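Engineer: Quick one: the structure is below, and I'll ask about it shortly.
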Amino acid sequence: MGSLANLPVVMQTALLLAISNVFMTFAWYAHLKHLNDRPWWIAALLSWGVALFEYLLQVPANRIGSSEMSLAQLKILQEVVTLTIFVPFAMLYMQQPIKLDYLWAGLCMLGAVYFIFR
């Protein structure tokens, strides 16, 4: 099995951003499910602790990606990754119903990817 460094830069960046985004999504939203009965500042402190792991992956991802991608391309890639992680999180973890709006948002993101990477 090869290392991360053997992958193309876009794949390295996307993979690190995806893992980072899992932490970010939990930091931002999991407290709504598990800490709703606690003061907001407890949720904020715990979320901050989870978000540390997000930053430990997100910062290297953006540094790697910036070697071949523009800032705008990095941002659109991050948004696509966010939607890709968020939809299963919302459905599976938070038990939210799937909505057709997710499809429309995804199609808009595909358009954004096309225009920013062409």
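Engineer: Looking at the chain, I'd like the Rg to Rh ratio, where Rg is from alpha-carbon atoms and Rh is Kirkwood's inverse mean 1/r.
Structural biologist: Taking Rh as the inverse mean 1/r over Cα pairs, Rg/Rh reads 1.02.
Engineer: Here is a follow-up. What is the packing order of peptides 76-86, 13-23, 93-103, 42-52, taking the mean over residues of other C-beta atoms within 10 Å and listing the highest first?
Structural biologist: Ranking the peptides 76-86, 13-23, 93-103, 42-52 by packing returns 13-23, 76-86, 42-52, 93-103.
Engineer: Determine the sum of side-chain charges near Asn21: Lys and Arg each +1, Asp and Glu each -1, restricted to other residues whose C-beta is under 13 angstrom from that of Asn21.
Structural biologist: Overall, the nearby charge balance is -2.
Engineer: Same structure, new question: Considering only the other residues whose Cβ falls under 13 Å of the Cβ of Gly111, what net charge follows from Lys and Arg at +1 and Asp and Glu at -1?
Structural biologist: Residues near Gly111 contribute 0 overall.
Engineer: Around Leu74, what is the net charge, scoring Lys/Arg as +1 and Asp/Glu as -1 over all other residues with Cβ under 13 Å from its Cβ?
Structural biologist: Result for the neighbourhood of Leu74: 0.
Engineer: Quick test of the membrane-span-like rule: which DSSP H helices of the chain reach at least 24 Å along their long axis (C-alpha atoms) with mean Kyte hydropathy at least 1.0?
Structural biologist: Correct list, ordered by number: 71-88, 100-117.
Engineer: Same structure, new question: Which shape class applies to region 1-40: rounded if a/c is under 1.5, otherwise prolate when a/b exceeds b/c and oblate if not, where a ≥ b ≥ c are the square roots of the Cα gyration tensor eigenvalues?
Structural biologist: Prolate, because a/c is 1.5 or more and a/b exceeds b/c.
Engineer: Roughly how many nanometres apart are two label points built 7 Å out from the Cα toward the Cβ at Leu92 and Tyr114?
Structural biologist: Here the modelled spin labels are 2.9 nm apart.
Engineer: Ok, one more. With runs of 4+ DSSP H residues as the only contributors, calculate the mean residue ellipticity of the chain at 222 nm using -39,500 (n - 2.57) per run, divided by the residue total and rounded to the nearest 500.
Structural biologist: Helix contribution divided over all residues of the chain: -23500 deg cm²/dmol.
Engineer: Extension gain Val59-Ala105, at 0.36 nm per residue separation less the Cα-Cα distance, in nm?
Structural biologist: 14.0 nm
Taken together, the values in this text are just the output of simple stated rules run on the coordinates, not laboratory data. From a predicted model like this one, the values you see are computed outputs, not experimental measurements. Note that each Cβ is placed from the backbone with ideal geometry, even for glycine, and that neighbours are counted across all protein chains shown.
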